[in-house]
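To start, the structure under review is shown below, and the notes come after it.
The values are calculated or read from the model by the stated rules, or taken from the named source; none is laboratory data. Bear in mind the structure is a predicted one, so any value in this text is a computation, not a measurement. Methodologically, a virtual Cβ is constructed for each residue, glycine included, from the backbone with ideal geometry; neighbour enumeration extends over all protein chains shown.
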Amino acid sequence: MALTPVFLGDRSAFSCNSDLSKRSRIFVGVRTITHPTLSESSQVHARNTLNTAMLPESTPILIVGAGPTGLACAISLVTNGVRPQDITIVDAQAQGLNWSRALVIHAKTLEELDTVDCADMLADRGTHSSHVSIRSKSTVLLKANFESLASRTRFPFALLVSQADTEHYLEERLKHLGVIVRRPHRLVNIEGADEGVRATFEGGEVVKVRYLVGADGSRSTVRRLAGIPFKDPVTGKDPHSEETRGEVSTERPVNVAVADVHLSGDIPVSTDGNLFFGRLGMLLFVQLPPPLNGTDLRSVYRLAFPVQPGTKDVTKKVLMEYLRVGLGRPEAELPTIDSIIFSSTFRIRFAVADRFSQSIGGGEIALVGDAAHIHAPIGGQGMNLGIRDAIQLGRVLTNILVVDASDDKPSTKKAYSAHALERYSDDRRPLALEVIRMTKLLTWIAALEGGVAQLVRNTLLWVLGSMPWVRNMMALRLSGL
Ligand SMILES: Cc1cc2nc3c(=O)[nH]c(=O)nc-3n(C[C@H](O)[C@H](O)[C@H](O)COP(=O)(O)OP(=O)(O)OC[C@H]3O[C@@H](n4cnc5c(N)ncnc54)[C@H](O)[C@@H]3O)c2cc1C
């Protein structure tokens, strides 16, 4: 079937939940239309704030979650031809998160972002890292060579950029396309109805939805309410269950501390991403651009390393110890940690949803990003895979809306949408399983304990690292191309 990506849906559906609507109209009068001192951009901002207060009574597409994947899905929908007013995107948080989690965007993700005109703005912001190196103290064991991807992509590098910046740019782009994230609205229930899905929010609002996208993270409410199991493909355990929290897992749990810091003094490495394999396990050491709109123009350094379960505090003392062992330098030659901008600890979990789509009543649900799969951050795959899910789902839903607007019989339309989303699920789930396999292996290699095992590992990596095809293959695997 030839599809034109233009949706001609029913506009009458877009009245607002009335109380909120009244409150917002007053707000329009005061802040956006009559205030004489607002600049044009702040008027736009005020309008955006206004729109965030309202939920429609119905919407063809509801995206729950405005993390990187929810935003990318909405952008993909609009750039593929869906009208902005046919998309509702909500988030439980009053504003986007300003702390960083993912820090790398790989070439395949940039290629996908390029299809929705988002790659260049991000590429301009981040650091182009031509290599990711695995080191033992000052010795380079193995370097993934991203320059070797030049014949396959116009993005032959790993783009180092904080997730906070990525989300900021995506949300700005979405705003520019005419879609505002409505905050704070927490989805609390969904139920099937003849005409679709009824989504209920914490504030009591009910929104009738035809297609509901669960972009609501690893503890996805959408996935739970749809009854879609979420399990580690090897152990079969739910990563968030009580049993797993009690650490009855057959696999050893790995807890990781992560910190963004300012450094001064003799800072050892360049713009490469670096993993130091040492006696205390792995130390990730990556330089990121200074925060957006910040007054401090110094680079930020991301440090991450495994810690004992139960570790809460990531102090300067702990960070210095990992720097000392990881870099293999005497105390006097270490850089100084001037400040800890952000720190956290988290448990590495692996899981994939049994399916990434499901029919509910007359509607359909689809999952993207962490709602569909979670894995170790090593290799920087999580957000990358999620953004690629989201852009593909945007294309699939665009085609579905075109068919919905056609003269076909309702049963044909329903069959088409269910089938297209099943295909989306069948396409994406194996990729998630592959990333889980890869990150489990990398985590195991990085977490090897004991002097002999570490020596054997490091020697093997050093031998492999002397072969250019290994360096190129590693870059290819990480890039997702
Ligand atoms: C400390 C840390 C470090 C990490 N490091 C890396 C890394 O180096 N590389 C990498 O690739 N990945 C990393 N990750 C993972 C990466 O951050 C995730 O893969 C990515 O954020 C997934 O994006 P998402 O949009 O699917 O979900 P999220 O970013 O989790 O966004 C989900 C959104 O949904 C909203 N939401 C949740 N429930 C509801 C509800 N009921 N109603 C409305 N809204 C709701 C939330 O407020 C949130 O904004 C890290 C994660 C953490 C925690």
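Being surrounded by 22 or more Cβ atoms within 10 Å (Cβ to Cβ) and more than 30 Å from THR59 (Cα to Cα) is a property that does not hold for VAL82.
At least 3 residues being crowded, with 21+ Cβ neighbours inside 10 Å and within 14 Å of the ligand (Cβ to nearest atom) is the threshold, and among the helices (runs of 4 or more DSSP H) wholly inside region 138-250 those reaching it are 163-176. Just one of the listed residues (ASP354, ASP370, ASP389) is acidic (Asp, Glu), within 19 Å of PRO239 (Cα to Cα) and within 12 Å of the ligand (Cβ to nearest atom), and it is ASP370. Taken together, the residues in region 86-114 that are at pLDDT below 95, out of contact with any helix residue (DSSP H, G or I) (no Cβ under 7 Å at 6 or more places or on another chain) and of a type in the set (S, T, N, Q) amount to 2. Identify the residue in region 76-114 that is assigned to a strand (DSSP E or B) and farther than 30 Å from GLY203 by Cβ and, among all such residues, is farthest from the ligand (Cβ to nearest atom). Among them, the one singled out is ILE105. Each residue in region 345-383 was checked for being charged (D, E, K, R) and within 14 Å of the chain's Cα centre (by Cα), and 1 pass. Out of curiosity, is ASP124 free of Cβ contacts under 8 Å to residues at least 60 places away in the same chain and more than 18 Å from the chain's Cα centre (by Cα)? It is true that ASP124 is free of Cβ contacts under 8 Å to residues at least 60 places away in the same chain and more than 18 Å from the chain's Cα centre (by Cα). Of the candidates ILE400, ILE391, the single residue that is in contact with a Cys (Cβ under 8 Å, 6 or more places away or on another chain) and within 30 Å of ASP86 (Cα to Cα) is ILE391. The one condition from (1) part of a loop (DSSP other than H, G, I, E, B); (2) surrounded by 16 or more Cβ atoms within 10 Å (Cβ to Cβ) that ASP117 does not meet is (2). Any residue at all in region 331-341 that's in contact (Cβ under 8 Å) with a residue 24 or more places away in the chain, hydroxyl-bearing (Ser, Thr, Tyr) and touching a Gly at 6+ places or on another chain (Cβ under 8 Å)? Yes; the residues of region 331-341 include at least one that is in contact (Cβ under 8 Å) with a residue 24 or more places away in the chain, hydroxyl-bearing (Ser, Thr, Tyr) and touching a Gly at 6+ places or on another chain (Cβ under 8 Å).
Assessment of region 285-304 against the conditions (under 30 Å from ARG223 (Cα atoms) and among the hydrophobic types (A, V, I, L, M, F, W, C)) yields at least one matching residue. For ASP407, state whether it is free of Cβ contacts under 8 Å to residues at least 60 places away in the same chain and among the charged types (D, E, K, R). It is true that ASP407 is free of Cβ contacts under 8 Å to residues at least 60 places away in the same chain and among the charged types (D, E, K, R). Within region 265-320, the set of residues being outside any strand (DSSP E or B), among the hydrophobic types (A, V, I, L, M, F, W, C) and either in contact (Cβ under 8 Å) with a residue 60 or more places away in the chain or within 19 Å of LYS137 (Cα to Cα) (or both) comprises ILE267, VAL269, LEU280, LEU292, VAL318, LEU319, MET320. Taking GLY273 as the residue in question, decide whether it is surrounded by 20 or more Cβ atoms within 10 Å (Cβ to Cβ) and within 21 Å of the chain's Cα centre (by Cα). Considered against the rule, which asks whether it is surrounded by 20 or more Cβ atoms within 10 Å (Cβ to Cβ) and within 21 Å of the chain's Cα centre (by Cα), GLY273 comes out as yes.
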